[in-house]
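Shown next, in structure tokens, is the structure this report addresses.
Every number here is computed from the coordinates shown, using simple stated rules; none is lab data. All values derive from a computational prediction rather than experimental measurement. Reconstructed Cβ throughout: ideal geometry from the backbone, glycine too, with neighbour counts over all protein chains shown.
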There are 2 protein chains.
Amino acid sequence: MQIFDLQKSRSFSPDKLKKNNLAETDRFFCDLYCLEPGQEQKPHLHDASDKIYIVMEGRGSFRIGAEEREVGRDQGVLAPAGMEHGVRNISNERLTLLVFMAPKP
Amino acid sequence: MQIFDLQKSRSFSPDKLKKNNLAETDRFFCDLYCLEPGQEQKPHLHDASDKIYIVMEGRGSFRIGAEEREVGRDQGVLAPAGMEHGVRNISNERLTLLVFMAPKP
């Protein structure tokens, strides 16, 4: 049985957002994104894949299309295929995001 | 922007496991499963969809194929397509699971 552990996978980099893979199949991936204050995932888009971000720790400023919103712990955001999306850690605390994307790009 | 809230979606039923949808697209769904003590999702399988369970609260006894394991908060389990999978709340506390599945069955 494939069991993964979010606390053990929680790992930051001083240089940039760190993506820690939790699980992956041919159909999707599930990552834990760890962002130090000031780090970001620049807005980008996927033509045919949907993504979900769920905030596990901290607060993030999410951009989906033209809209930007701050989202905190236990909240999630949907980034539909074809829409530009990104996230910035504008807080002074660490930001941890559970990220699910299907199909894999 | 579609934002969802895990705490607001956290809802139990005295009768059986309650599935609360958080987000859904043509490609996947993301639910919050809420299980009172004693409740379960009976083992079943999907031929062409993979599922992930992540324990947000409590402890669950997961079965994947022939294997059964107890898994706690901040841990997750992969249920690959074609493998029988289920979960039981054998504890005295509530069990809350984040569930991703793609593609939708």
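Express the relative contact order of chain A as a whole percentage, based on alpha carbon pairs under 8 Å and six or more residues apart in sequence.
Details: 276 pairs, mean separation 34.9, N = 105.
It rounds to 33 percent for chain A.
Could you give, in nm with one decimal, how far A:ASP47 is from each other copy of that position, shortest first, with labels 7 Å out from Cα toward Cβ?
Listed shortest first, these distances are 3.0 nm.
Working out 0.36 nm times the residue gap between B:GLU24 and B:GLU67, then minus their Cα-Cα distance, what length gain in nm do you get to one decimal? Provide the component values of the computation, followed by the final result.
Details: separation 43, 0.36 × 43 = 15.48 nm, distance 2.96 nm.
Contour length minus Cα-Cα distance gives 12.5 nm.
What's the exposure ranking of A:VAL87, A:VAL99, going from fewest to most Cβ atoms within 10 Å? List each step's numbers first, then the result.
Values: A:VAL87 27, A:VAL99 21.
By the 10 Å Cβ count, ascending: A:VAL99, A:VAL87.
Which is farthest toward the positive dipole end of region B:22-102 among B:ALA23, B:HIS44, B:GLY72, measuring Cα position about the Cα centre, with Cβ charges +1 (Lys, Arg) and -1 (Asp, Glu)?
B:GLY72
Counting other C-beta atoms within 10 Å, and keeping those with at most 12, which DSSP coil GluC sites (Glu not before Pro) do you find in region B:1-103? Walk me through the intermediate numbers first.
Details: sites: B:GLU24, B:GLU40, B:GLU57, B:GLU67, B:GLU68, B:GLU70, B:GLU84, B:GLU93; in loops: B:GLU84, B:GLU93.
Listed in order of number, the matching sites are B:GLU93.
Along the charge dipole of chain B, Cβ charges K/R +1 and D/E -1, which of B:VAL87, B:ILE3, B:GLY60 sits furthest on the positive end?
B:ILE3
Applying the Karplus parametrisation 6.51 cos²θ - 1.76 cosθ + 1.60 with θ = phi - 60° to the phi angles of region B:19-27, what ³J(HN,Hα) value in whole Hz is obtained for each residue in order, glycine and proline being reported as x?
Karplus-based 3J(HN,Hα) across region B:19-27 equals 9, 10, 6, 9, 7, 8, 9, 5, 9 Hz.
Got a sec? How would B:SER49, A:SER11 order by Cβ neighbour count within 10 Å, fewest to most? It would help to have the intermediate numbers written out before the result.
Numbers: B:SER49 21, A:SER11 10.
Taking fewest neighbouring Cβ atoms as first place, the list is A:SER11, B:SER49.
Can you compute the helix-only [θ] at 222 nm over chain A? Use -39500 (n - 2.57) per DSSP H run of at least 4 residues, normalise by all residues, nearest 500 deg cm²/dmol. Before the final figure, lay out the partial values.
Details: 1 runs with 4 residues, N = 105.
Result for chain A: -500 deg cm²/dmol, rounded to the nearest 500.
Using label points projected 7 Å from each Cα along Cα→Cβ, tell me how many nm separate A:ILE3 and A:LEU45, to one decimal.
Label-label distance for A:ILE3 and A:LEU45, simple model: 4.2 nm.
Give me the three principal axis extents of region B:22-102 from the C-alpha atoms, as integers in angstrom, largest value leading.
Computed over the Cα atoms, the extents are 36, 29, 19 Å.
Express the Stokes-Einstein translational diffusion coefficient of the protein assembly as shown in µm² s⁻¹, to the nearest whole number, given a Kirkwood radius over alpha-carbon pairs, 20 °C and a viscosity of 1.002 mPa s. Walk me through the intermediate numbers first.
Numbers: Rh = 17.3 Å.
After rounding, the answer is 124 µm²/s.
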